[in-house]
Amino acid sequence: MMQTRRGLLIIISSPSGAGKSTLSKRLRIWDPNIEFSVSATTRAPRSGEAHGREYFFHTKEEFQTLINEDKMLEHAEVFGNFYGSPHGPVNDAITQGRDVLFDVDWQGGQQIRNSSLGKHVLSIFILPPSIPELERRLVSRGQDSNDVIEGRMSKARDEISHWPEYDYVLVNDDLDQTEDKLKTIISAERMRLSQQPDIVETVRRLNSEFEDRQ
């Protein structure tokens, strides 16, 4: 009988510029069945955005009801709007054996680990090889002003301080090597006992076969 597995809730966190977004994209190329968690938000849809694709769009009253009914794995208020990860779609995905990738900070990761799905979480923190290299990467992207870069650097110190809360910590000094390590970790964690719901039935069958020999 073919073994089935539960999906993982994969949390990858890092300070801005350490490589999280690039590594996440590479993981989805490696395994297209890894899906991004679609967040819920109270902000208005932008042109071309669709409910359930880019975001689940809700009023503030609806969002608060989801919180009160414990239907959010994590949530936070950002610039006057609420954002969060709905429990239902994530639970459906992992029950069907699909891994879900979360783009959340350490606070969101903490809430997910403390949720009812916490035993299925795989959390990985990505560190830069050095602070000068982190700043060089932010500058070389050419996306932010000097003030924004300085703000990201200031925030990085606090973010990095939460590294002990994660299952794995990788230093991204070589992107290809870090990608290989991520693949190895995910492949191994998929075989974790908590991810194999059919294993109990397999052991029962083996014990039954022992009894048939008597």
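The residue list Arg28, Arg6 contains one member that is farther than 29 Å from Gly142 by Cα and either touching a residue at least 60 places away in the same chain (Cβ under 8 Å) or assigned to a strand (DSSP E or B) (or both), which is Arg6.
Scanning the range 164-191 for residues that are free of Cβ contacts under 8 Å to residues at least 12 places away in the same chain and of a type outside the set (A, V, I, L, M) yields Pro164, Asp174, Asp176, Gln177, Asp180, Lys181, Thr184, Ser187. Within this structure, Ile186 passes the test of being of a type in the set (A, V, I, L, M) and under 21 Å from the mean Cα position of the chain (by Cα).
Only one residue in Ser140, Ser116, Ser154, Ser123 is polar (S, T, N, Q) and in a strand (DSSP E or B), so which one is that? On inspection, the qualifying residue turns out to be Ser123. Scanning the range 93-113 for residues that are part of a helix (DSSP H, G or I), within 19 Å of Trp163 (Cα to Cα) and aliphatic (A, V, I, L, M) yields one hit, Ile112. Annotation for the range 165-181: at least one member residue is under 21 Å from Ile12 (Cα atoms), outside any loop (DSSP other than H, G, I, E, B), aromatic (Phe, Trp, Tyr) and out of contact with any Leu (no Cβ under 6 Å at 6 or more places or on another chain).
Scanning the range 1-17 for residues that are of a type outside the set (A, V, I, L, M), crowded, with 17+ Cβ neighbours inside 10 Å and touching an Asp or Glu at 6+ places or on another chain (Cβ under 7 Å), we see that the one that is farthest from Val200 (Cα to Cα) is Pro15. Reported count of residues in the range 192-214, each being in a helix (DSSP H, G or I) and either among the polar types (S, T, N, Q) or touching a residue at least 24 places away in the same chain (Cβ under 8 Å) (or both), is 6.
Residue by residue, here is whether (1) within 29 Å of Gly151 (Cα to Cα); (2) surrounded by fewer than 18 Cβ atoms within 10 Å (Cβ to Cβ) holds:
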residue	(1), (2)
Glu74	yes, no
Phe79	yes, yes
Ser85	yes, no
Asp92	no, yes
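For beta carbons closer than 7 Å, sequence separation of 6+ or different chains, a first residue in the range 60-81 that is within 18 Å of Pro45 (Cα to Cα) and free of Cβ contacts under 8 Å to residues at least 24 places away in the same chain and a second that is among the aliphatic types (A, V, I, L, M) and in a strand (DSSP E or B), the qualifying pairs are Phe63/Ala40. Taking the criterion of being within 28 Å of Asp173 (Cβ to Cβ), touching a Lys or Arg at 6+ places or on another chain (Cβ under 7 Å), surrounded by fewer than 16 Cβ atoms within 10 Å (Cβ to Cβ) and at pLDDT 90 or above, would at least one residue in the range 18-31 satisfy it? Looking for residues that are within 28 Å of Asp173 (Cβ to Cβ), touching a Lys or Arg at 6+ places or on another chain (Cβ under 7 Å), surrounded by fewer than 16 Cβ atoms within 10 Å (Cβ to Cβ) and at pLDDT 90 or above, one finds at least one in the range 18-31, hence yes.
The values are calculated or read from the model by the stated rules, or taken from the named source; none is laboratory data. Since this is a predicted model, take the numbers as computed values, not measurements. All Cβ positions, even for glycine, are placed from backbone atoms using ideal geometry, and neighbour counts span all protein chains on display.
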